[in-house]
Amino acid sequence: MILNATYEPLGVVSVRRAAILVLSAKAICVADGDGILHSSRQAMPVPSVVRLTRFVRVPYRANVGLSRRGIFARDGGRCAYCRSTAETIDHIMPRSRGGRHAWENVVAACARCNHRKGDRTPAELGWRLQTVPGVPRGAAWRVLGHRAPDPRWAEFLALA
Ligand SMILES: [Zn+2]
């Protein structure tokens, strides 16, 4: 993960890219990962979190890209209908009935609820959503959509 000079999370880059930033003094490593990187001339710990030495201005991005991983992260991995462990993505207004594939119309759901719901709406079933699905905001979302975050990132994401 890469942080701005202000510690704001900017995103996820490859280990190789992070190492190059550190070696060229464009960033400093603030949390080591597992293992050692060897180059022809030196060895360094695998960087897990690097912070840029100079502040970069980041264009404001209004819309966080919709992804399966992002939906699970937003909903805490819980089914929006029964709060059990979610394995699937459900369109609240089914796509077969014109429901959009957008943050406000998708929730994490367990396979059982998703199957029982079929192409009906929660209202038709008398179900209530346990969460109000919305577009995630904040810098941490630049990172969460990418992959399962490294536990070492948590303290840096909490600042966002
Ligand atoms: Zn469920």
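The values are calculated or read from the model by the stated rules, or taken from the named source; none is laboratory data. All of these numbers come straight from a predicted model, not from anything done at the bench. We place every Cβ from the backbone using ideal geometry, glycine too, and count neighbours over all the protein chains shown. Surface areas here come from the heavy atoms of the whole protein model, side chains and all, with no ligands, DNA or RNA. Shrake-Rupley method; radii C 1.70, N 1.55, O 1.52, S 1.80 Å.
Pull out all pairs, ordered by first then second residue, where Cβ-Cβ is under 7 Å, the residues are six or more apart or on different chains, the first lies in segment 78-101 and is under 15 Å from R120 (Cα atoms), and the second is exposed (fewer than 14 other Cβ atoms within 10 Å of the Cβ) and of a type in the set (D, E, K, R).
Within 7 Å, the pairs are I89/R68; P94/D119; S96/D119; R97/D119.
Scanning segment 105-121 for residues that are touching a Cys at 6+ places or on another chain (Cβ under 7 Å) and within 8 Å of the ligand (Cβ to nearest atom), which turns out farthest from W141 (Cα to Cα)?
C113
Can you name every one of the strands (runs of 3 or more DSSP E) wholly within segment 21-104 that holds 2 or more residues which are away from the ligand (no atom under 16 Å from the Cβ)?
27-38, 43-52
What are the residues in segment 103-145 that are of a type in the set (A, V, I, L, M) and within 18 Å of Y81 (Cα to Cα), if any? It would help to see each step written out before you state the result.
At the first step, the residues of segment 103-145 found to be of a type in the set (A, V, I, L, M) are 106-109, 111, 123, 125, 129, 132, 135, 139-140, 143-144.
Scanning segment 103-145 gives V106, V107, A108, A109, A111, A123, L125, L129, V132.
Look at segment 62-121 and say how many of its residues are more than 13 Å from the chain's Cα centre (by Cα), β-branched (V, I, T) and open to solvent by less than 10 Å² (accessible area, probe 1.4 Å).
The total comes to 2.
Condition first: at pLDDT 80 or above, away from the ligand (no atom under 16 Å from the Cβ), open to solvent by 60 Å² or more (accessible area, probe 1.4 Å) and not hydrophobic (A, V, I, L, M, F, W, C). Can you find one or more residues in segment 126-146 that meet it?
no
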